[in-house]
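Student: One structure, as structure tokens, below. Some questions next.
The values are calculated or read from the model by the stated rules, or taken from the named source; none is laboratory data. Given the structure is predicted, the values throughout are model-derived calculations rather than measurements. Every residue, glycine as well, gets a Cβ built from its backbone with ideal geometry; the counts of neighbours run over all protein chains shown. To get the accessible areas, we keep the full protein, side chains included, count just its heavy atoms, and leave off ligands, DNA and RNA. Shrake-Rupley method; radii C 1.70, N 1.55, O 1.52, S 1.80 Å.
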Amino acid sequence: MKKTTGTDRSTTRTWRPATQAVRGGTWRSEHGETSEALFLTSGYTYDDAATVAARFAGEADGMTYSRLQNPTVAMLEERIALMEGAEACRAQASGMAAMTAALLSQLSAGDHVVAARAAFGSCRWLVDHLCPRFGIETSVIDSADNAQWDAAIRPDTKVFFFESPANPTLDVVDMEYVCQLAKAHGITTVVDNAFATPVLQRPLDFGADVVAYSATKLMDGQGRVLAGAVCGSEEWINETLLPFQRNTGPNCAPFNAWVVLKGLETLELRALRQSESAVTLGTFIEPRVNRMLHPGLPSHPRHDLARKQMRATGPIFAFDVGDRATAFATLDALELIDISNNIGDARSLMCHPASTTHANMGEDARAEMGVTEGLLRINVGLEDIEDVIEDMDQALKAAGL
Ligand SMILES: *Cc1c(COP(=O)(O)O)cnc(C)c1O
């Protein structure tokens, strides 16, 4: 393959983010194709036995098996790493594969994890159920209270794990404070950056060690494939993540990697436009509801912090319409916005977290997180915002709001 454009870091390092999103990691074959090639192959062949022996011994570059390397997946990994400002990245089969690998690759029985209580339902399951089964103790705290991070640290604390903004209550973590606190105690910070992506927020700039993604969301951006990614230093990826990943196999399929590569080309345009539309829609809804959870609006307790650490606040927000019956009535009256629990899509999508994404975590955990019975979460898409506002207006009216 001819490495003609995006794989030489001496060149790509100087590219601005929008250029990296379109060209970073591009690795052209001898055909010189414009669009990245899709290498739908599980294995590789070799000219002679010595070549493959050298590759397996780590003495020669080259692919050996797609659980270990694949050219299309490698292009995605390099592009995400460049956008994130990370030394290295490894793509994963899904966001949850990424979170599981980021945590389990570095934790052992006897370690302690401090995690944000506001989190995606399956992220909470890892913390509340999976880790403890293997002797890893976990403490769940209010991530928006800096003092609780300090207070939760123990001599055996190995990892801090949080999302910001968090799913679905949009809690914002003081990234710089928490990452620097972790550094001072030799703790590894793992940030789930799915709601922001590197276009809106780069946790490594604040001192995070590991950034993990559901690429299913804004990175794909059109609701097509499941994918994930884990970024970090070359040393951490090679010595900690890779032994786990290569032997347990949560790898991203080449086709899915290719779709996400295409999505990254338009990520900045989409993320900025959808963020702007989300502020417009949130401003329209706010006077009609009891509780608005939107980091892009001045009513959010950490609005200023969100504006400081994010370029824009993203397409997702939540609001409370009072009770489950009113929430369902609002959803059922929608004509344009779809009822869907996905996010990051170009379509506006709305769901009721308590009965969907956060249903299996139990009532107590939901109450503690603020996932109330009247809470609705929306992903604002790329439709004309006036059409979305009109649909929301008639749905709220139909629900008596
Ligand atoms: C969706 C989501 C995940 C899980 O990602 P999948 O790709 O669905 O496995 C993890 N964290 C957050 C914040 C998410 O929104």
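Student: What's the number of the condition Asp332 fails, among (1) surrounded by 16 or more Cβ atoms within 10 Å (Cβ to Cβ); (2) acidic (Asp, Glu); (3) in a helix (DSSP H, G or I)?
Tutor: (1)
Student: While we're looking at this one, here's another question. With the checklist (1) in contact with a strand residue (DSSP E or B) (Cβ under 6 Å, 6 or more places away or on another chain); (2) open to solvent by less than 10 Å² (accessible area, probe 1.4 Å); (3) within 10 Å of the ligand (Cβ to nearest atom); (4) not aliphatic (A, V, I, L, M) in hand, flag the one item Asp220 doesn't pass.
Tutor: With (1) in contact with a strand residue (DSSP E or B) (Cβ under 6 Å, 6 or more places away or on another chain); (2) open to solvent by less than 10 Å² (accessible area, probe 1.4 Å); (3) within 10 Å of the ligand (Cβ to nearest atom); (4) not aliphatic (A, V, I, L, M) applied to Asp220, the lone miss is (1).
Student: Can Met75 be described as assigned to a helix (DSSP H, G or I) and either within 16 Å of the ligand (Cβ to nearest atom) or in contact with a Pro (Cβ under 7 Å, 6 or more places away or on another chain) (or both)?
Tutor: Spelling it out, it is not the case that Met75 is assigned to a helix (DSSP H, G or I) and either within 16 Å of the ligand (Cβ to nearest atom) or in contact with a Pro (Cβ under 7 Å, 6 or more places away or on another chain) (or both).
This table checks each residue for (1) hydroxyl-bearing (Ser, Thr, Tyr); (2) open to solvent by 20 Å² or more (accessible area, probe 1.4 Å); (3) more than 20 Å from Phe120 (Cβ to Cβ).
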position: Met361; (1), (2), (3): no, yes, no
position: Ala367; (1), (2), (3): no, yes, no
position: Thr372; (1), (2), (3): yes, yes, no
position: Ile385; (1), (2), (3): no, yes, yes
position: Asp393; (1), (2), (3): no, yes, yes
position: Leu396; (1), (2), (3): no, no, yes
position: Gly400; (1), (2), (3): no, yes, yes
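Student: Can you name the residue in the range 181-196 that is of a type in the set (S, T, N, Q) and over 29 Å from Phe255 (Cα atoms) and is also nearest to the ligand (Cβ to nearest atom) among such residues?
Tutor: Thr189
Student: While we're here: So which of Thr357, Thr313 is closer than 26 Å to Gly263 by Cβ, within 16 Å of the ligand (Cβ to nearest atom), at pLDDT below 95 and not aromatic (Phe, Trp, Tyr)?
Tutor: Thr357
Student: In the range 223-243, what residues are more than 16 Å from the ligand (Cβ to nearest atom), open to solvent by 50 Å² or more (accessible area, probe 1.4 Å) and touching a Ser or Thr at 6+ places or on another chain (Cβ under 8 Å)?
Tutor: Passing the criteria: only Pro243.
Student: Kindly establish whether Ala97 is more than 16 Å from the ligand (Cβ to nearest atom), in a helix (DSSP H, G or I) and either at pLDDT 95 or above or of a type in the set (Phe, Trp, Tyr) (or both).
Tutor: no
Student: Could you please find all residues in the range 152-180 being more than 21 Å from Cys131 (Cα to Cα) and either open to solvent by 60 Å² or more (accessible area, probe 1.4 Å) or within 16 Å of the ligand (Cβ to nearest atom) (or both)?
Tutor: Ser164, Pro165, Pro168, Thr169, Leu170, Asp171, Val172, Val173, Met175, Glu176, Tyr177, Gln180, listed by residue number.
Student: What are the residues in the range 105-122 that are open to solvent by less than 50 Å² (accessible area, probe 1.4 Å), at pLDDT 95 or above and not polar (S, T, N, Q), if any?
Tutor: Leu107, Gly110, Asp111, His112, Val113, Val114, Ala115, Ala116
Student: Same structure, new question: What are the residue pairs meeting all of these: first residue in the range 350-368, first residue under 22 Å from Asp391 (Cβ atoms), second residue assigned to a helix (DSSP H, G or I) and of a type in the set (D, E, K, R), Cβ atoms under 6 Å, and 6 or more apart or on different chains?
Tutor: Note: no pairs meet the criteria.
Student: Filter the range 337-349 down to residues that are of a type in the set (A, V, I, L, M, F, W, C) and either more than 15 Å from the ligand (Cβ to nearest atom) or over 19 Å from the mean Cα position of the chain (by Cα) (or both) and give me whichever is most open to solvent (accessible area, probe 1.4 Å).
Tutor: The extreme case among them is Ile339.
Student: Please work out if Met83 is within 30 Å of Arg9 (Cα to Cα), surrounded by fewer than 24 Cβ atoms within 10 Å (Cβ to Cβ) and touching a Gly at 6+ places or on another chain (Cβ under 9 Å).
Tutor: No, not satisfied.
Student: Also, quick follow-up: Which numbered condition in (1) buried (at least 21 other Cβ atoms within 10 Å of the Cβ); (2) free of Cβ contacts under 8 Å to residues at least 24 places away in the same chain is the only one that Leu269 fails?
Tutor: It fails just one condition, (1).
Student: Okay, moving on. Determine which member of the set Ala306, Ala318 is surrounded by 15 or more Cβ atoms within 10 Å (Cβ to Cβ) and assigned to a strand (DSSP E or B).
Tutor: Of Ala306, Ala318, the one residue that is surrounded by 15 or more Cβ atoms within 10 Å (Cβ to Cβ) and assigned to a strand (DSSP E or B) is Ala318.
Student: Given the conditions (1) open to solvent by 10 Å² or more (accessible area, probe 1.4 Å); (2) under 25 Å from Asp128 (Cα atoms), report the number of the one that Leu376 does not fulfil.
Tutor: So the condition that Leu376 fails would be (1).
Student: Same structure, new question: Would you please list the contacts, defined by Cβ atoms under 6 Å and residues six or more apart or on different chains, that run from a residue in the range 197-217 that is among the small types (Gly, Ala, Ser) and away from the ligand (no atom under 13 Å from the Cβ) to a residue that is modelled with pLDDT of 95 or more and not in a helix (DSSP H, G or I)?
Tutor: Ala208/Thr189; Ala208/Val191
Student: Against the conditions (1) open to solvent by less than 20 Å² (accessible area, probe 1.4 Å); (2) within 16 Å of the ligand (Cβ to nearest atom); (3) aliphatic (A, V, I, L, M), where does Ile136 fall short? Just the number, please.
Tutor: Going through (1) open to solvent by less than 20 Å² (accessible area, probe 1.4 Å); (2) within 16 Å of the ligand (Cβ to nearest atom); (3) aliphatic (A, V, I, L, M) one by one, Ile136 breaks only (2).
Student: Here's a follow-up. How many residues does the range 14-37 contain that are touching a residue at least 40 places away in the same chain (Cβ under 8 Å) and open to solvent by 70 Å² or more (accessible area, probe 1.4 Å)?
Tutor: Residues meeting the conditions: 1.
Student: For Ala151, all conditions in the list (1) touching a Cys at 6+ places or on another chain (Cβ under 8 Å); (2) free of Cβ contacts under 8 Å to residues at least 24 places away in the same chain hold save one; what is the number of the exception?
Tutor: Evaluating Ala151 over (1) touching a Cys at 6+ places or on another chain (Cβ under 8 Å); (2) free of Cβ contacts under 8 Å to residues at least 24 places away in the same chain leaves (1) as the failure.
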